[in-house]
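To keep things clear, I will list the structure first and then write my remarks on it.
The values are calculated or read from the model by the stated rules, or taken from the named source; none is laboratory data. Here the structure is a predicted model, which is why all the values come from computation and not from measurement. Note that each Cβ is placed from the backbone with ideal geometry, even for glycine, and that neighbours are counted across all protein chains shown. Note: areas computed on protein heavy atoms with side chains; ligands, DNA, RNA excluded. Shrake-Rupley method; radii C 1.70, N 1.55, O 1.52, S 1.80 Å.
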Amino acid sequence: MLNIESLTPKKIITVLDTTHTFQTIDERAIKKVPALRGKTVINLFVEPSTRTRISFELSEQRLSADIINFTAEASSLKKGETLRDTARNLEALNADFIVIRHSASGAPHFLARVINASIINAGDGAHEHPTQALLDVFTIREKKGKVEGLNVTILGDILYSRVARSNIWALTKLGAKVTLCGPSTLVPRVFEQMGCRVTYDVEEAIRDADIINLLRIQHERQRKTMFPSLGEYATLFGLNKERLKRAKPEALIMHPGPINRGVEIDSEIADCARSLILEQVTNGLAVRMAVLFLVNGGKGPQEVAAH
């Protein structure tokens, strides 16, 4: 699972249907299935992560996998060892899966070429974050009953966001209409080539939206300041109570986290009944269980039931 761009709509739907089946495991007294028993998963997080790392680890535990957590700060990568050598050493330990997060775009693809273990991309630079997009479209489908034909506005730092790119691919493949909005320095019109509409008028962007997906400012990936100040960003593009009144009453709010409260979203909106932020986190578990299951050779939802 390296990206969303290369997946067919049929494969995306298979992941979503399999996820729906895995949701029922959370309702069991014992939240475990033996799907990955005897398999070793290495979580190779070379870039900091909290939500994604914990979500993957918990998903792996629920599938009964053996887990090794690997962080760059406490590894030979700090001593100058290459990613290739690190990965080959991990493979020599008979790792079956490597879940990788890396600051360099293309790192998971590189690993997939040089080692035999199954690679799952947990975020690579500003390129893609496939499991985040899958949990986002799964959440949308659960709440709205469909994805096709919906108006989805992605608001914020698009240029440096791997979440935005993966979401754009997933949503357009499933037939949603995607609008991008944010400062012109962070939302270049080149994104129109991916089948999106670009606007710099936030009121216009959210007016007809069924889903408003907010992104934080990716300070760690920006090469220079792309707008005058956080205060100005909040004034011009932040989702506040007054601005939300201009959206449809049934429009739902999403955010991949971490949230910068008071910047891209006001606290009262982040915590309101229309917010799906915590549901996204919960759904992330089932999505990552489904991805691990399918990458391991699982055929789909009908096979999950057998476990």
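If we count every other residue with Cβ under 15 angstrom of residue 144's Cβ, Lys/Arg +1 and Asp/Glu -1, where does the sum land?
Surrounding charge for residue 144 is -1.
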**Request:** Give me the accessible area per residue for region 49-160, probe 1.4 Å, as a whole number in Å².
**Result:** 40
**Request:** Determine how many Å³ per residue the convex hull of the Cα atoms of region 106-205 encloses.
**Result:** 104
**Complete:** Full extension between residue 278 and residue 303 adds, at 0.36 nm per residue less the Cα distance, a length in nm of 6.2 nm
**Item:** Estimated inter-spin distance, residue 66 and residue 29, nm [label 7 Å along Cα→Cβ]
**Value:** 3.0
**Message:** Could you work out what % of the accessible surface of the chain is carbon and sulfur, using a 1.4 angstrom probe and leaving DNA, RNA and ligands out of the count?
**Reply:** 50
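Rank 82, 179 by accessible area, highest first, at a 1.4 Å probe radius? Spell out each step's value before the answer.
Working: 82 70, 179 15 Å².
Sorted descending by solvent-accessible area, the residues read 82, 179.
Treat region 176-270 as a sphere of radius equal to its Kirkwood radius over Cα pairs and apply Stokes-Einstein at 37 °C in a medium of 0.692 mPa s; give the translational diffusion coefficient in µm²/s, rounded to a whole number. Could you put the intermediate results ahead of the total?
Numbers: Rh = 13.9 Å.
Diffusion coefficient, whole number: 236 µm²/s.
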**Prompt:** Could you work out the helix-only [θ] at 222 nm for the chain, with each DSSP H run of four or more residues adding -39,500 (n - 2.57) and the total divided by the number of residues, to the nearest 500 deg cm²/dmol?
**Reply:** -11000 deg cm²/dmol
**Complete:** Hydrophobic long helices for the chain, i.e. whole DSSP H runs reaching 15 angstrom or more by Cα along the axis with Kyte-Doolittle mean at least 1.0, come out as 277-295
**Net +/- balance of residues flanking residue 238 in space, Cβ distance below 15 Å, scoring K and R +1, D and E -1** = -2
**Message:** Placing +1 on the Cβ of each Lys and Arg and -1 on the Cβ of each Asp and Glu in region 18-148, which of 82, 93, 54 has its Cα farthest towards the positive end of the resulting dipole?
**Reply:** 54
**Item:** Of 11/248; 143/177; 173/248, those spanning more than 27 Å from alpha-carbon to alpha-carbon
**Value:** 11/248
**Request:** Using only the alpha carbon atoms of the chain, find the Kirkwood hydrodynamic radius as the inverse mean reciprocal pair distance, in angstroms to one decimal.
**Result:** 19.9
**Item:** 12 Å beta-carbon shell around residue 176, net charge (K/R +1, D/E -1)
**Value:** +3
**Request:** Give the peptides 287-294, 110-117 in descending order of average Cβ contacts within 10 Å, highest first.
**Result:** 287-294, 110-117
